Amino acid sequence: MTQHLEGDWLELATASGSTIRVLKTAHPRARRLRLTVTPKGARVSYPHGTHPAQVSAFLRHHADWLERKLDELHLIVKPAPPLRVGTPTEFLLRGETVQLDWADGPYPRVDAGEGTVTLTIPRPHTRALPVARGLLASFFEAQIRRDVSRWLAGYVPMLGLAPTALRVRPMKSLWGSLDTRDRINLDLALALAPPAALRYVLAHELCHLKVRSHAPRFWAQVEGLFPDWREQRDWLRLNGAWLKTELDRLIADVAD
């Protein structure tokens, strides 16, 4: 079992290929390490001053129990089958499960229907998989840019500020960022999330145009722009590892 720290979450990759995310919390009244599992996920609490290595060792010791309990609640992120040309598969798009189908045609293209996405790949299929991954990456980026352009039309007048550019690309750990040139970066995996989650990340980065830190006045700005931000932040914390894994499955060869 491997592990790495990410914010307030500990991410565990099991030998079976599943991913477990555990919320870690230092509790002022805690006298010992404690691991709990609820329908909302796993949480490890520990006394202030506990060394991270102790937390990691504690989780490793209880890994089998943790995986079993999360599996009972269907909270284990299980790996989906690899993308194969000609083999239909399902994936999440804008928070909804869709069917990926394949077709032959004179030129590569993506066609989105009600609950389906069809990739048309010309023969011969010598480089079909890289072409398919590139098509999906472009399709996902177009989905994000379409939503963002619509929301910016409302947010920019409210803020009185606008980003200088928008870049959409796979990001290893972040969902978005604002660079020193006021360019917004968004994670391509947000195309798989519900639109409200993408909207929260956009609002978050836009508010950094006014407040670069996460001071209380920053969160007040986010609240005014997107009142449901807490719900969407929690959704991304719970489902984020799976989203990033799923994006990698679909477009791994074209990811930065």
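The values are calculated or read from the model by the stated rules, or taken from the named source; none is laboratory data. Nothing here was measured: the structure is a model prediction, and the numbers come from that model. For neighbour counting, all protein chains shown are included, and Cβ atoms are generated from backbone atoms with ideal geometry for every residue, glycine included. Ligands, DNA and RNA are excluded from the accessible area calculation, which covers all protein heavy atoms including side chains. Shrake-Rupley method; radii C 1.70, N 1.55, O 1.52, S 1.80 Å.
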Mean accessible surface per residue for the chain, computed with a 1.4 Å probe while every protein chain stays in place, in Å²: 54 Å²
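Taking the convex hull of the Cα atoms, report for the chain its projected area averaged over all directions, in nm². It would help to have the intermediate numbers written out before the result.
Details: hull surface 64.3 nm².
Approximately 16.1 nm², given one-decimal rounding.
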Taking a label point 7 Å from the Cα of residue 177 along Cα-to-Cβ, the residues of the stretch 221-241 whose backbone nitrogen sits under 16 Å from it are none
Any idea how far the Cα center of the stretch 157-211 sits from the one of the stretch 35-62, in Å? 31 Å
For the chain, please report how many Lys pairs fall under 22 Å Cα to Cα, leaving out neighbours fewer than 8 apart on the same chain. 12
Starting from 0.36 nm per residue, how many nanometres of slack lie between residue 126 and residue 31 once their C-alpha separation is accounted for? 28.1 nm
Pop out the carbon and sulfur fraction of the accessible area of the chain as a percent, whole number, probe 1.4 Å. 52 percent
With a cut-off of at most 15 other beta carbons within 10 Å, and DSSP calling the residue loop, which trypsin sites (Lys or Arg not before Pro) in the stretch 190-256 qualify? Please list them. 210, 212
